[in-house]
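Have a look at the structure below before the remarks.
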Amino acid sequence: MKNISCPVNFFVQKIVLGVVALGFVAAVTESCAPRPPYRTPIPPAVSRPPEAPTLPPPPPPPAQESVRQPLPQESKIREQDLKTKGPVTPPGGKEPSKDAGPPLPDDSSLLAKITPGIPPQRAASLRLTEEGRKLLDAGDPGKALSRLEKTIVVDSTNPYGYFFLAKAHYRLGRYKESLNFLDVAESRLSEEPFWLAEVHALRGENLRALGMPQKAEASYAQALRLNSGNRTAMEALSRLQAEGSSNPR
Amino acid sequence: MKKSNLRIFSISLVAFLLITSSGLVFGSWYLKSLEKTVTEKFEGQKWRFPSKIYSDSYLLYVGMSLQVGDLWDQFRRLGYREMQSAPRTKGEYRYQRSSGLLDIYLHDFVYPTESFKGVPVRISLQGPVVTRIENQATGQEMFSLELEPELVTGLYDRIWQERRVVKLSEVPPLLIKAILAIEDERFYHHHGIDPVSIVRATWVNLRSGGVVQGGSTLTQQLMKNFFLTDERKYSRKIKEAIMALIAERKYSKDEILENYLNEIYLGQRGSQGIFGVWEASQFYFSKPMSDLTVGETALLAGLIRAPNKLSPYRSVDAATKRRNVVLAKLLDDQIITRKQYEAAIREKLPHRELIKVTNDAPFYVDYLRRELAENYSNDALTREGLRIFTSLDLRLQRIAERSLSEGLKKLEQSYSNLRRKGDDDSLEGAIIVIRPQTGEIKAMVGGRSYQKSQFNRVFQAKRQPGSVFKPFVYLAALMAGADGGKKFTPVTMVEDSPFTWNYEGQEWQPGNYNDEYFGTVTLRRALEKSLNSATARVARDVGIKRVSDIAHRLGIQSSLPIVPALALGAAEVTPLEVAVAFSTLANNGVRATPLTVKQVMDPTDRVLEKRDVRVEKVLSPQLAFVMNYLLKGVLDRGTAEFARRWGFTRPAAGKTGTTNDYKDAWFVGYTPDLLAVVWVGFDGQSKLGLSGAQAALPIWTEFMKQATAGTPITDFIPPPGIKIVEIDPLSGQLATPNCPYILREAFLEGDEPTGTCPLHPSSTWQISQSP
């Protein structure tokens, strides 16, 4: 996966992550911290059978975050809220280090990508992706998966379809399958740093669920390098580091 | 009394007692056995429910271009009726050509993930393009619309009984009353047999000199349908009567009536028998029983007497007469009012075309059964009424079937040596169609005629792929540079001349088609023209083991011999394997597992199994793109250029395949969204004597032209890390203004040529390139 063997890079990464983690700890004490548009719950760091006959529920988030799955309409409100507030500021209000790059403007709205000149199959595919996303947000990854599979049938070049397919598989506890779809999404989103950061962050989540915390950490770091405002990566790294300090590896 | 008489009397008495007691013993045993039979039927599994196989659903969306003719066909097969007025009930549609408005009242359908309630929808069309979709019930705009899947066939044992079991409470009271009025009006007053009816029927039969009227009660009819045959014998009637008495003694009237309503035979759709009132309501009126009008209810009740003779599919007049008889009886019995009667009698029965379930995809279904056999026994498949949702696209399936059959016929007309007398070893072919992104098998034709041979050449026939294998050699070459071996690019020069390859003490001399050699050519040219000698040289430089590894990585599962001749396809693979391997290229290096079964549901709509799209990235998108770009040249300039002349002009990549001995002809070709493999040959290994371009390409072209009509034109999109430059195709160097032909070539970034064409130098060009 990502190269963490270079000692200089690794050292710089650690500093950046440390700053981000401190910022986050400060932020969780504030009651009015801004919410991300789409939260990826952090699964427990144990591997589950990828083909479990009964579908596992989305992994519960840590208690102090008081995260719940947003309802579809809620998700829309948050999205709008975020747009008015601009990009996410790292918790604690601290700017990420230069290595992490600036927080990118929120580009998560798929419907905003439907512009007048867009090919009809892309527009239809984006709408289906949005429906799939809402089903995911509403906690129905099985139904979301069926919807999302159609997105790539209608438009095989729609990269967001692959990303959300990965997300649906992740929610279903099929982490390896999720990683496979992320590989495809990554190759098709290489020129969209906001989404590429989402890909790396979700990859981190999968790797963490598969019991590979170091690789997960590298993926989160990669996500933050692309978009220092990536909430999933930020929170996951903080948690990883908190776990690391209480249970040194 | 004389002694002898006494003896006779005694013997007679003993004999009488013996016969009587035997009769009593036999009679009670017989009654017991009949009772056991009746009980087992009532309390055991009464019916077998064939599993049903459904095609994939069809998604319509705003902006898409419709193949309108295909859509009407699909509506027809789905049981939608065209109306002149606005649709009022589910299953009706109206198309107003002048305004381009298509109104359709969608059916209900239970999908594996949701239950859809039919709604009226308006689709606005501008030419073939969908401009707006609106839910007319709510006035809301919709952006896409899913048409329910089509029933492909049923999996049944001997007889296909189509039936959905309903409870008595689910049957409309009017329908029950109508059936009782016309079939057995004293149902609630007799004990299984009705002497009044029997006397009446006997009188009529005696007068006519034959059996023209039955006095059977509903219970007797049920017993006949459950256990007996249709033969009109008194012995059968007696048995039927005894069983009816037993059933009435053991079970309530409502239980008997409910069984009757589910058991009764009500018509035929091809191989599919229609049983029970629920199924009949759908079959004749495409609507649930609760939505039936008084007239439709009367007809349904009237059909029981002779469903095929009185069927409105067969004769609207006969059906109308029978309906009116029932309506008159309902009026006489005061079950309906005169107003209802008059309204019902005015209802016109529409003439409807009977659409039979014909199983247009028998090879696909066989393949599916093998896949299902891993998890479901044959008994489960033929008795338990599973609903199996598949990836099959019936439109593509029909096009594939037609293209293959007509293509083979044309070949036989053009080449007399291909014609065989009788059925033995006739010219055969196969097509498999895959969607590369999902691995869904959209169509499969395993042979020319399923009736003659069920051998499925798509996955059961292992044949030599010939030149279809060559792209694996070239892919291995493109990868070799990245792995530290000799670097190949599309413009690397390769020698195309006779040579000997010494491999593990063996000599092998590959020869070109017609012994024609081209000297030094670019890698692209060697692939486009399918040059054996040049390809073998590339394989030698790359290593044949690496070629084999690449083929496996892409999706070939058969074992491949590690010998030089493998470079030219001296191995045995199935068309399915070829399809999977090339799908990986079409899908930018991502291999999708072939998918046929998508979901399996039980009769209670519980999802038993769901198979999702599974993918794995096995190749970089950059390498896949360069290969696709090279293989596009095969259609644009190479051995498959006739596809362009025959009218297939979309961006597509492909490769012809011909074996050395001319026994197998192949073509594998794909757009970014659809891939098809065609194989043509003889089962008995007779010589075909034609190349892939001559035998398989015409069939592929015909299929793809029809299959892609109306779909968006897509091209392979270069991923980052690809450099496209203009080169001279002969020298392989950057083109100058003096180059007569210029080709846009794709390279992995950093591999592109830096020198200018030495064959057509240009001073100004060279100056402008100087720092």
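Observations, loosely collected:
- When residues of segment B:566-590 are limited to those that are more than 30 Å from B:Lys52 (Cα to Cα) and either among the polar types (S, T, N, Q) or out of contact with any Pro (no Cβ under 9 Å at 6 or more places or on another chain) (or both), the one farthest from the other protein chains (Cβ to nearest Cβ): B:Leu566
- Unique match (being of a type in the set (Ser, Thr, Tyr) and within 21 Å of the chain's Cα centre (by Cα)) among B:Tyr376, B:Tyr341: B:Tyr376
Residue-by-condition table, conditions (1) within 9 Å of chain B (Cβ to nearest Cβ); (2) out of contact with any Pro (no Cβ under 7 Å at 6 or more places or on another chain); (3) of a type outside the set (Gly, Ala, Ser); (4) part of a helix (DSSP H, G or I):
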| residue | (1), (2), (3), (4) |
| --- | --- |
| A:Lys134 | no, no, yes, yes |
| A:Thr151 | no, yes, yes, yes |
| A:Ser156 | yes, no, no, no |
| A:Phe164 | no, yes, yes, yes |
| A:Val184 | yes, yes, yes, yes |
| A:Ser190 | yes, no, no, no |
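- Residue in segment B:487-510 that is under 17 Å from B:Ser467 (Cβ atoms) and within 43 Å of the chain's Cα centre (by Cα) present: yes
- The listed residue being out of contact with any Gly (no Cβ under 7 Å at 6 or more places or on another chain) and closer than 27 Å to B:Lys442 by Cβ, out of A:Glu149, A:Glu198, A:Glu205, A:Glu191: A:Glu149
- Residue match in segment A:120-127 (condition: more than 14 Å from every other protein chain (Cβ to nearest Cβ) and either on the phi > 0 side of the Ramachandran plot or modelled with pLDDT of 90 or more (or both)): no
- Segment B:239-262 - residue that is part of a helix (DSSP H, G or I) and among the polar types (S, T, N, Q) and, of those, farthest from B:Phe227 (Cα to Cα): B:Asn262
- Filter result (within 14 Å of chain A (Cβ to nearest Cβ), in contact with a strand residue (DSSP E or B) (Cβ under 8 Å, 6 or more places away or on another chain) and part of a loop (DSSP other than H, G, I, E, B)) within segment B:713-759: B:Phe716, B:Pro718, B:Gly721, B:Glu749
- Qualifying positions in segment B:722-746 - among the small types (Gly, Ala, Ser) and within 23 Å of B:Ser620 (Cβ to Cβ): B:Gly732, B:Ala746
- Among the residues of segment B:136-193, those identified as closer than 30 Å to B:Gln397 by Cα, in contact (Cβ under 8 Å) with a residue 60 or more places away in the chain and either among the hydroxyl-bearing types (Ser, Thr, Tyr) or in a loop (DSSP other than H, G, I, E, B) (or both) are B:Phe143, B:Ser144, B:Glu148, B:Pro149, B:Glu150, B:Thr153, B:Tyr156, B:Asp157, B:Ile159, B:Arg163, B:Arg164.
- Search result, residues across segment B:675-708 that are surrounded by fewer than 24 Cβ atoms within 10 Å (Cβ to Cβ), of a type in the set (Gly, Ala, Ser) and within 20 Å of the chain's Cα centre (by Cα): B:Ala707
- Pairs with Cβ under 6 Å, 6+ apart, first in segment B:287-300 and closer than 11 Å to B:Tyr341 by Cα, second small (Gly, Ala, Ser): B:Val294/B:Ala344; B:Gly295/B:Ala344; B:Ala298/B:Ala178
- Among the residues of segment B:140-164, just one is over 21 Å from B:Tyr111 (Cβ atoms) and at pLDDT 90 or above, namely B:Glu141.
- Segment B:655-678, subset in a strand (DSSP E or B) and more than 21 Å from B:Gln397 (Cβ to Cβ), residue nearest to the other protein chains (Cβ to nearest Cβ): B:Lys655
- Screening B:Val62 with (1) modelled with pLDDT under 90; (2) within 14 Å of chain A (Cβ to nearest Cβ); (3) touching a Ser or Thr at 6+ places or on another chain (Cβ under 8 Å) gives one miss only, at (1).
- Residues of segment A:166-181 satisfying the condition of being within 12 Å of chain B (Cβ to nearest Cβ) and of a type outside the set (Phe, Trp, Tyr): A:Ala166, A:Ala168, A:His169, A:Leu172, A:Arg174, A:Lys176, A:Glu177, A:Ser178, A:Leu179, A:Asn180
- Number of residues in segment B:591-624 that are more than 26 Å from the chain's Cα centre (by Cα) and within 11 Å of chain A (Cβ to nearest Cβ): the value is 8.
- Against the conditions (1) part of a loop (DSSP other than H, G, I, E, B); (2) facing chain B (nearest Cβ under 9 Å), A:Ser109 satisfies every one except (2).
The values are calculated or read from the model by the stated rules, or taken from the named source; none is laboratory data. These numbers come from a predicted model, not from an experiment. Virtual Cβ from ideal backbone geometry, glycine too; neighbours counted across all protein chains shown.
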